[in-house]
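**Q** Got a structure for you, written out below as structure tokens; questions coming shortly.
The values are calculated or read from the model by the stated rules, or taken from the named source; none is laboratory data. All values derive from a computational prediction rather than experimental measurement. Using ideal geometry, Cβ is built from the backbone for each residue, glycine included, and neighbour counts are taken over all protein chains shown. We work out accessible area using only protein heavy atoms, side chains counted, and drop any ligands, DNA or RNA first. Shrake-Rupley method; radii C 1.70, N 1.55, O 1.52, S 1.80 Å.
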Amino acid sequence: MSATYSTLPQNDNFRMPGEHEAHAEMWMAWPERSDNWRYGGKPAQQAFVNVAKAIAEVTPVTMAVSAAQYKNARNMLPEKIRVVEMATNDSWMRDIGPSYVVNGEGERRGVDWEFNAWGGLVDGLYFPWDRDDQVAHKICETMRDGHYRAPIVLEGGSIHVDGEGTLYTTEECLLHPSRNPDLSKEEIENVLKDYLAIEKVIWIPQGLYNDETNGHVDNLMHVVKPGEVVLSWTEDNNDPQYEISQAAYKVLSETTDARGRQLTIHKIHIPGPLYIREDEADGIDVCDGMERTAGERLAGSYTNYLITNNRIILPLLDEKYDDEARALLTDIYKGYEVVGVDAREILLGGGNIHCITQQVPAV
Ligand code: KQY
């Protein structure tokens, strides 16, 4: 049943599971906006197809697609991937889809956050964003899952949870004046506790350098499992990323999680630094929100991978560092398969594989 609940998930005994827990479905949305994706999204569409195929071998995938692109998407995607017509403003399913919560009795419900395109009229990336804001509700209805409408602006990529009471985020994003300027840090923590059953929030100062999301945590680090994280890293102290990673490491190494564990922190070297090439910038329509000029630094990161049903879908971004990233994750994730997908086209749109996917937990 797809009821809207006006109670609080925590009071209803629901908690947000970690990404390493089992998935029933993976949602994605089809790229087509020509001011974000070059050449009307054609190269990005192929990259999304490759990601969807890699996921679909272990987890059923549904692709949300506009009416205009339905036939093209249906034709490009294998039959086993479900294609549903659903209006969106772009294709960042991590941020517009529901954050699911589960209880101990085999039920799940979606949390539908307010979405304002990463900053609304302050520093958002596009206007309008009303179709994106309706996506979480529509997914819950399609899945016949109940849902809660949460009272704050939040994107799924700005939080990571371990499923055992710990939430990781950045101050840069959640305390940004373009999100919830009337709420204090403590009030935001309280909403996270109420809606996701979080007991402890670990606040990292900043996200990845030049990330247009105001520093989403999913581009800086990933939670492997409770007590263990992977952090984007560079040893180059001339790179602005250096200080950001050092500060994140300091917080992570000096804290404990909700269960009192000290964290194991794996450092993963960032690709590049990577920049937009002239031929890449040429294919994008100029707009006000998104900076897509040649020479612009890309927020490339290997931590923007997806965990789904014992498989890691890893963005391949730089021949110099791809193998190192794959080897590290293969070593960390014993019993998992690490599958690399060429992801530069996704990066050109401002995010990566984690940002374009949203899981529905198995119950
Ligand atoms: O990092 C994410 N979760 C989304 C990236 C959005 C970029 C919009 N152009």
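**Q** Tell me, what is the percent relative contact order of the chain, built from C-alpha pairs under 8 Å that lie six or more residues apart?
**A** 23 percent
**Q** At a probe size of 1.4 Å, how large is the accessible area of L77, to the nearest 10 Å²?
**A** 10 Å²
**Q** Where Lys and Arg each count +1 and Asp and Glu each count -1, what net charge lies around V83 among other residues with Cβ under 12 Å from its Cβ?
**A** Numbers: positive: K71, R74, K80, R82; negative: E79, E85.
That sum, taken over residues with Cβ under 12 Å, equals +2.
**Q** Just to verify a number: what accessible area does R131 come out at with the full protein assembly present, 1.4 Å probe, Å² rounded to tens?
**A** Number for this one is 120 Å².
**Q** Same structure again: Using DSSP, restrict attention to beta bridges with both residues in the chain and report what percent are antiparallel, rounded to the nearest 5.
**A** Working: 20 of 52 bridges.
So the antiparallel bridges in the chain amount to around 40 percent.
**Q** Can you give the FRET efficiency to the nearest 0.05 for K185 and E21, using r as the Cβ-Cβ distance and R₀ = 22 Å? Before the final figure, lay out the partial values.
**A** Working: r = 28 Å, r/R0 = 1.27.
For R0 = 22 Å, the calculated efficiency reads 0.20.
**Q** Report D194's accessible area, 1.4 Å probe, all protein chains in place, as a number in Å² to the nearest 10.
**A** Surface accessible to solvent at D194 totals approximately 50 Å².
**Q** Then there's this: Of G104, G18, G207, which has the largest mean-square fluctuation in a 10 Å C-alpha GNM of the chain?
**A** Highest fluctuation among the options: G104.
**Q** Further question on the same structure: When the chain is modelled as a GNM with alpha-carbon springs shorter than 10 Å, which of T330, T142, T308 fluctuates the most?
**A** Among T330, T142, T308, the largest GNM mean-square fluctuation belongs to T142.
**Q** Taking 7 Å along the Cα-to-C-beta vector as the label spot, tell me the A247-A294 distance in nanometres, rounded to one decimal.
**A** 3.3 nm
**Q** Also: With viscosity set to 1.567 mPa s at 4 °C, what whole-number translational diffusion coefficient in µm²/s follows for the chain from Stokes-Einstein and a Kirkwood radius over Cα pairs?
**A** Numbers: Rh = 20.2 Å.
Value of D from the Cα-based Kirkwood radius: 64 µm²/s.
**Q** Right, something else. Please give the contour-minus-distance gain from T330 to A3: 0.36 nm per residue of separation, less the Cα-Cα distance, rounded to one decimal in nm. Mind dumping the intermediate values first?
**A** Details: separation 327, 0.36 × 327 = 117.72 nm, distance 4.09 nm.
Fully extending the segment from T330 to A3 adds 113.6 nm.
**Q** Filter K80/K225; K185/K250; K193/K334 down to the pairs with a C-alpha to C-alpha distance above 25 Å, please. Write out the running numbers ahead of the final one.
**A** Working: K80/K225 30 Å; K185/K250 20 Å; K193/K334 31 Å.
Flagged as over cut-off: K80/K225; K193/K334.
**Q** Could you order V135, V251 by accessible surface area, starting with the largest, using a probe radius of 1.4 Å?
**A** V251, V135
**Q** On to the next question. Could you tell me the center-to-center distance, by alpha carbons, between region 307-322 and region 169-225 in angstrom?
**A** 24 Å
**Q** If you don't mind, another one. For region 196-315, calculate the relative contact order in percent as a whole number, restricting contacts to Cα pairs under 8 Å that are 6 or more residues apart.
**A** Working: 184 pairs, mean separation 32.1, N = 120.
Worked out over region 196-315, it gives 27 percent.
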